[in-house]
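Working notes, beginning with the structure itself.
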Amino acid sequence: MNDYNKPKVIAVVGPTASGKTALSVEIAKRFDGEVISADSMQIYKGMDIATAKPTAEEMQGIKHHLVDFFPAQSLFSVAAYVDLAHKAISEVLLKDKLPVIAGGTGLYVDNLLSGTSFTEGETDFALRAELQARLDNNGLDSLLDELKSIDTQSFEKLSVERNPKRIIRALEIFKTTGITMTEQNKLSKPSDAPYESVRIGLDFKERSKLYDRINMRVDLMLEAGLLNEAESFFKTDASNTAVQAIGYKELEPYFKSGAPLEECIDSLKQATRRYAKRQLTWFRRDKTTNWFFVDEYKSSDELIKAVTDFLITKGFDLK
């Protein structure tokens, strides 16, 4: 299919605290669009402050899809996200509006825009429990060492991402099917992407400026009530995935063992900075991304104008 016959979508990607939410809203306002979140933690109900879920004020009346809809006690998969996101895109297109994908979960964005088809298959819960026990007892590197011996390509990706759930899943796939995750991904990739997509990436020329924004965001989260939210969260029966949310696990020692709060806050800031670095590593693999460096612009208005002008050159029409 020729790209010109495909539905157009815009994806705004980049590290945490780079300004994706604000930019995606401005794009939606100028090009008559709606935002579809690509954030693996903002899907969960109740996890508001820690995940920097956009407030009604930040949304500015723009409809947001796939935010705050899934119970934190349940497991959620990439396959489920892709299915729901395709449906959301179709809903937006039926209104003759522009879908704007926005989020920092590269796995979601890549699989959505490539049109990956998933075959969920059966889950071997006993095997998963065994792998989880190995993780708890021996650490993540023990699982990564085994993955390296059977699937070097998945190892190279997941050793950077260091997502325990994904690493366990890669081992589970091989042990139950005899096929590596790399091979499965090749089989699931279509020959043709479903959309004419343009990716806008946000980054900083000076990494220290991004880190300053991250540190400031954490301070603002604490002012907004992050401690109370985290304390309430630990009283729930949340899924393993939700528990991994940055903003909760770093504060857990404060509630569970009386660790000094300042140490936990420093740990939270450090974990967020490391996460931002992993996000950038992921997104930079896609050579089609059009990068805009936030600190090269004197104001947010200048950045928005630059992105708007660029999108016009790509055939998007102002409304």
Tell me the residue from 85, 50, 28, 80 that is surrounded by 18 or more Cβ atoms within 10 Å (Cβ to Cβ) and either assigned by TED's automatic domain parsing to the domain that holds residue 181 or within 26 Å of residue 181 (Cα to Cα) (or both), please. 85
Regarding the stretch 91-98, can at least one residue be identified that is touching a Ser or Thr at 6+ places or on another chain (Cβ under 7 Å) and in contact (Cβ under 8 Å) with a residue 40 or more places away in the chain? no
Check on residue 26, over 24 Å from residue 194 (Cα atoms) and not polar (S, T, N, Q): yes
The lone exception for residue 161 - which of (1) free of Cβ contacts under 8 Å to residues at least 60 places away in the same chain; (2) surrounded by fewer than 19 Cβ atoms within 10 Å (Cβ to Cβ); (3) closer than 30 Å to residue 142 by Cα it fails: (1)
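Give me the residue from the stretch 98-146 that is hydrophobic (A, V, I, L, M, F, W, C) and outside any helix (DSSP H, G or I) and, out of that set, modelled with the lowest pLDDT. So that I can check it myself, show each step before the final result.
Of the stretch 98-146, the ones hydrophobic (A, V, I, L, M, F, W, C) are 98, 100-102, 107, 109, 112-113, 118, 125-127, 129, 131, 133, 135, 140, 143-144.
Narrowing the set further to residues that are outside any helix (DSSP H, G or I) leaves 98, 100-102, 118.
Working: 98: 98, 100: 98, 101: 98, 102: 98, 118: 71.
If we take residues in the stretch 98-146 being hydrophobic (A, V, I, L, M, F, W, C) and outside any helix (DSSP H, G or I), then 118 is modelled with the lowest pLDDT.
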Could you tell me whether residue 41 is surrounded by 22 or more Cβ atoms within 10 Å (Cβ to Cβ), farther than 21 Å from residue 293 by Cβ and aliphatic (A, V, I, L, M)? yes
Can you confirm whether residue 231 is among the charged types (D, E, K, R), touching a Leu at 6+ places or on another chain (Cβ under 8 Å) and either over 20 Å from residue 46 (Cβ atoms) or free of Cβ contacts under 8 Å to residues at least 60 places away in the same chain (or both)? no
Looking at 305, 287, 256, can you tell me which residue is over 22 Å from the mean Cα position of the chain (by Cα), exposed (fewer than 13 other Cβ atoms within 10 Å of the Cβ) and basic (Lys, Arg)? 256
Residue count for the stretch 80-97, restricted to those that are at pLDDT 95 or above, of a type outside the set (Gly, Ala, Ser) and under 24 Å from residue 49 (Cα atoms): 1
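Looking only at residues in the stretch 38-96 that are among the acidic types (Asp, Glu) and in a helix (DSSP H, G or I), which one is farthest from residue 15 (Cα to Cα)?
The selected residue is 91.
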Return only the number of the condition from (1) basic (Lys, Arg); (2) modelled with pLDDT under 95; (3) touching an Asp or Glu at 6+ places or on another chain (Cβ under 7 Å) that residue 209 does not satisfy. (2)
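Between 18, 37, 77, which is out of contact with any helix residue (DSSP H, G or I) (no Cβ under 8 Å at 6 or more places or on another chain) and at pLDDT 95 or above? I'd like the intermediate steps shown before the answer.
Details: 18 fails: out of contact with any helix residue (DSSP H, G or I) (no Cβ under 8 Å at 6 or more places or on another chain); 77 fails: at pLDDT 95 or above.
Matching residue, one of 18, 37, 77: 37.
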Residue ID - nearest to the chain's Cα centre (by Cα), chosen from residues in the stretch 290-302 that are over 26 Å from residue 6 (Cα atoms) and of a type in the set (S, T, N, Q): 300
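Can you tell which of 166, 217 is surrounded by fewer than 19 Cβ atoms within 10 Å (Cβ to Cβ) and closer than 26 Å to residue 295 by Cα? Please lay out each step first, then the result.
Working: 166 fails: closer than 26 Å to residue 295 by Cα.
Every option except 217 fails the conditions.
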Collect the residues in the stretch 3-24 that are buried (at least 22 other Cβ atoms within 10 Å of the Cβ) and assigned to a loop (DSSP other than H, G, I, E, B), keeping them in residue-number order. 14, 15, 17, 18
Any hit, the stretch 187-205, residues being surrounded by 13 or more Cβ atoms within 10 Å (Cβ to Cβ), without any contact (Cβ under 8 Å) to a residue 24 or more places away in the chain and out of contact with any helix residue (DSSP H, G or I) (no Cβ under 8 Å at 6 or more places or on another chain): no
Flagged pairs (Cβ under 7 angstrom, 6 or more apart or on separate chains; first in the stretch 103-118, closer than 13 Å to residue 201 by Cα; second in a helix (DSSP H, G or I)) are 103/20; 103/109; 104/20; 104/279; 106/279; 106/282; 106/283
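The values are calculated or read from the model by the stated rules, or taken from the named source; none is laboratory data. All figures in this text were calculated on a predicted structure; none of them were measured in a lab. For neighbour counting, all protein chains shown are included, and Cβ atoms are generated from backbone atoms with ideal geometry for every residue, glycine included.
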